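Every number in this text was worked out from the coordinates using simple rules, so none of it is lab data. Quick caveat, the model's predicted, so the values are computed rather than measured. Quick reminder, even Gly has a Cβ in these numbers, built from the backbone with ideal geometry, and neighbours come from all protein chains shown.
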Amino acid sequence: MEETVQTRLIRAEEKGAIDEALEVLRGGGLLAFPTETVYGLGARLFDPRALERLFSVKGRPRGRPFILHLAEKSMVFEVAASVPEVATRLMEAFWPGPLTLVLPARPEVPMAVRGGGETVGVRIPAHPVALELIGSLGEPLPAPSANLTGRPSPTTADHVLRDLGGKIELVLDAGPTGIGVESTVLDLSGGRPRILRAGAVAWEDLRPFLPDLEPGGEEGPSFTFRKEVLVFSGQGKELVESVAREYDAAKARGRRPLILALGEHAGEYGEREKVVWASFDRLHEAARNLFALLRELEEGEWDLFLFEPVEEKGLGRAVMSRLRRAARGAR
Ligand code: TXA
Ligand code: MG
C-alpha cells in the first residue's frame with residue numbers, strides 16, 4: 001500500500017508557486033500540473049523512486065511508457081537518438097501543442113519512461129505554467145495524465161484531487177484545461193508512421209506532412225465506467241427515432257435513461273429527459289467538457305446514457321473514441 005501524504009493545492013499564479021513545485025520535484029515528490037490538454041502528473045526523470053511512484057499511485061500497468069514534456073525544441077536531442085526530417089517539420093508546425101512524437105530513445109532515458117522499449121514520446125505543451133515549470137527545471141519532465149488508470153483524464157484540479165488526493169504532494173491549479181482531450185500520439189520511430197492515439201491534433205492536419213498516414217489510434221483502453229453508455233450511429237430523423245425508441249423501452253423496463261443530444265436535435269425529443277452535449281459547429285466545446293461531463297454523469301441519478309454521435313472527422317475522431325471507451329467500460 002502507498003503511504004498517505006498530504007496533498008497541497010496552490011493556484012499557479014500565486015507568487016512562489018513554481019518554486020514550490022520545483023522543490024516538490026527535487027525532493028522526489030509528485031506534482032500535478034496543467035497542460036493545454038489535460039492535467040499531467042510529473043516526476044523527475046532521473047529519480048527511479050519517483051518514477052516508480054507514478055505507476056503505483058495511478059495503478060498503472062508497467063510497460064506503459066510516459067510522455068516526456070519539454071520546454072523547447074533543443075531538449076529533444078537530450079532524449080531522442082535521432083530526429084527524422086518529417087519530425088522536425090511537424091515540431092515547427094505543431095509545437096508547442098498537443099502532438100506527441102515517438103522517436104528512437106537515447107540509452108540514458110530510463111526504462112520506466114520508455115515502457116521497456118527503444119523509443120520515447122516527446123511533446124512541448126502549449127501552457128504557460130507547464131512551460132515555466134519545465135523551463136525552470138531545465139530537464140524533460142515525464143508525466144502521464146493525472147488520473148487513476150481507467151478513469152477519464154482530469155481537466156480540472158478537482159478531478160486530480162478526487163483521483164489522487166492523499167497520494168501526491170502538490171497540485172498546481174490553473175483552472176480548467178482548454179482542449180480537454182489528450183495529445184495525438186504519432187509513431188515516427190522507424191517503419192511506417194502510425195497514429196497510436198487519436199487526439200487533439202486531427203489526422204486531417206497531419207496528412208499534408210505524411211501523405212500515406214492512415215487514421216488510427218481510436219481504440220484505446222476502456223474506462224471503468226459505473227453506468228451504462230450507448231453510443232448511437234447515423235444522423236437526422238432516423239437517429240432521433242432510434243434514440244427515442246431505446247429511451248422509451250428503457251423507461252418501460254424501469255431504467256432512468258438520459259439522452260445526450262446534439263444541439264440540432266434537442267428539440268425533437270419532447271418530454272424525454274435530455275441535455276445537449278455537443279453541436280456540429282461547436283465541437284471544441286464538446287471536447288473541452290467531455291471528461292467533466294462523464295465524471296458528472298457517473299455521479300448522477302441516471303443509470304443509462306444515450307449519446308447522439310458527432311461526425312467522425314477532425315477533432316470528432318478523438319471525441320468519439322473517448323465516448324466509445326466509456327461505453328465499452330460500462331457495467
Ligand atoms: O495530452 C497528453 O498527452 C497528456 C498531457 C499530460 O501531456 N498526457 C497523457 O499521458 O495523456 P498518458 O501517459 O496518460 O498517455 C500517454 C500515451 C499512452 O497511451 C502511452 O502508451 C503513449 O502515450 N506513449 C507514450 N510514450 C510512448 C512511446 N515511447 N511509445 C509508444 N507509446 C507511447
Ligand atoms: Mg492517461
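Data table
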quantity	calculated
Cα-based Rg and Dmax for the chain, where Dmax is the largest Cα-Cα distance (Å)	20.5, 62
Sites matching GluC sites (Glu not before Pro) across segment 280-311 that sit in DSSP coil, with at most 11 neighbouring C-beta atoms within 10 Å	GLU301
At q = 0.14 Å⁻¹, base-10 log of I(q)/I(0) for segment 75-162 (Debye sum, equal scatterers on each alpha carbon)	-0.58
Cross-link pairs LYS237/LYS313; LYS58/LYS274; LYS73/LYS167 - those with Cα-Cα distance over 27 Å	LYS58/LYS274; LYS73/LYS167
Candidate aspartates and glutamates for bridging to LYS227, where Cα separation is under 12 Å - those fewer than 8 sequence places away on the same chain excluded	GLU296, GLU298, GLU299, GLU301, ASP303
Of all DSSP beta bridges in the chain, antiparallel share, percent nearest 5	35
Coil-residue trypsin sites (Lys or Arg not before Pro) of segment 34-89, DSSP, other Cβ within 10 Å capped at 16	ARG62
Reference-scaled alpha-carbon Rg (2.2 N^0.38 Å with N residues) for segment 184-331	1.13
Per-residue Cβ neighbour rank within 10 angstrom, fewest leading, LYS15, LYS313, LYS274	LYS15, LYS313, LYS274
Long-range amide H partners of LYS167 with built H, under 5 Å	VAL5
Rg over Rh, two decimals, segment 264-331 (C-alpha only, Kirkwood Rh)	0.94
Amide H contacts under 5 Å for PHE305, placed H, 5+ residues apart	GLU228, VAL229, LEU230, LEU258
Charge dipole magnitude, Cβ of K and R +1, D and E -1 - the chain, Cα centre, debye nearest 20	900
Taking all pairs of distinct alpha-carbon atoms in segment 80-124, Kirkwood radius in angstrom	10.9
Burial ordering of ASP187, ASP47, fewest other beta-carbon atoms within 10 Å first	ASP47, ASP187
Equivalent ellipsoid dimensions for segment 117-231 as semi-axes, Å, which come from the Cα gyration tensor, largest first	27, 21, 14
Kyte-Doolittle mean at least -1.0 and Cα axial length at least 20 Å: DSSP H helices in the chain	236-252, 283-299, 315-329
Rg in Å to one decimal, and Dmax rounded to a whole Å, for segment 1-109 via C-alpha atoms	15.7, 46
³J(HN,Hα), Karplus 6.51/-1.76/1.60, whole Hz, each residue of segment 219-229, x for Gly, Pro	7, x, x, 5, 7, 8, 9, 7, 10, 7, 10
